[in-house]
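As structure tokens, the structure follows; a few thoughts come after it.
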């Protein structure tokens with residue numbers, strides 16, 4: 001597969017979305033823009049038809065306007081971790097309970113209030129990365145970002161919730 005040729009073997013699967021967007025014309029030459037929804041059949045790797053949503057308005061229709069049932073792979077993946085009592089795999093009434101509890105935290109007003117704290121954390125992260133580049137901002141040694149970005153994520157969440 002071309003994706004594997006373009007990426008290292010340990011590339012995170014999450015980048016396939018942007019790769020698909022950037023390479024859509026390869027499979028659909030007449031396409032002018034990325035479609036809002038793309039159906040993928042990657043049998044035998046995955047037995048079910050997959051739908052990838054690239055448009056925020058289409059995504060809203062699936063997740064907010066009418067909350068559709070989650071795919072079984074999401075529930076199967078998360079069940080050992082959460083017993084499916086989480087926002088990602090919850091459906092129906094359970095999903096509505098979680099959404100009603102968390103939605104106020106993500107209101108524009110609340111997000112705006114925490115922007116200064118988020119910027120503080122991002123500046124700390126930027127300084128950490130700046131110390132790892134080569135002299136005068138040149139390329140330095142390759143280093144893993146996972147631990148640093150995980151720490152940034154937790155720092156941001158902690159600042160936002162406290």
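Evaluating residue 96 against the criteria (1) within 28 Å of residue 158 (Cα to Cα); (2) outside the structural domain of residue 153 (by TED's automatic domain parsing); (3) surrounded by 14 or more Cβ atoms within 10 Å (Cβ to Cβ) leaves one unmet condition, (3).
For the stretch 13-33, check the following and say yes or no: at least one residue is surrounded by 10 or more Cβ atoms within 10 Å (Cβ to Cβ), under 30 Å from residue 144 (Cα atoms) and in contact with a strand residue (DSSP E or B) (Cβ under 7 Å, 6 or more places away or on another chain). Yes, the stretch 13-33 contains at least one residue that is surrounded by 10 or more Cβ atoms within 10 Å (Cβ to Cβ), under 30 Å from residue 144 (Cα atoms) and in contact with a strand residue (DSSP E or B) (Cβ under 7 Å, 6 or more places away or on another chain). Which condition from (1) modelled with pLDDT of 80 or more; (2) in contact with a strand residue (DSSP E or B) (Cβ under 7 Å, 6 or more places away or on another chain); (3) part of a helix (DSSP H, G or I) is the one that residue 39 breaks? Of everything listed in (1) modelled with pLDDT of 80 or more; (2) in contact with a strand residue (DSSP E or B) (Cβ under 7 Å, 6 or more places away or on another chain); (3) part of a helix (DSSP H, G or I), residue 39 misses just condition (3). Scanning the stretch 107-160 for residues that are closer than 25 Å to residue 14 by Cβ, within 23 Å of the chain's Cα centre (by Cα) and not in a helix (DSSP H, G or I) yields 143, 144, 145. Tally time: how many residues in the stretch 1-36 are more than 16 Å from residue 53 (Cα to Cα), assigned to a loop (DSSP other than H, G, I, E, B) and under 22 Å from the mean Cα position of the chain (by Cα)? Final tally of qualifying residues: 6.
Do we have residue 47 as surrounded by fewer than 13 Cβ atoms within 10 Å (Cβ to Cβ) and either not in a loop (DSSP other than H, G, I, E, B) or not assigned by TED's automatic domain parsing to the domain that holds residue 76 (or both) here? It is true that residue 47 is surrounded by fewer than 13 Cβ atoms within 10 Å (Cβ to Cβ) and either not in a loop (DSSP other than H, G, I, E, B) or not assigned by TED's automatic domain parsing to the domain that holds residue 76 (or both). Return a yes/no flag: does the stretch 54-74 have any residue that is at pLDDT 80 or above, closer than 19 Å to residue 17 by Cβ, more than 20 Å from the chain's Cα centre (by Cα) and loosely packed, with under 12 Cβ neighbours inside 10 Å. Checked the stretch 54-74: no residue is at pLDDT 80 or above, closer than 19 Å to residue 17 by Cβ, more than 20 Å from the chain's Cα centre (by Cα) and loosely packed, with under 12 Cβ neighbours inside 10 Å.
The values are calculated or read from the model by the stated rules, or taken from the named source; none is laboratory data. In this text the structure is predicted, and so the values were computed from the model without any measurement. As a convention, Cβ positions derive from the backbone with ideal geometry for all residues, glycine included, and neighbour counts pool all protein chains shown.
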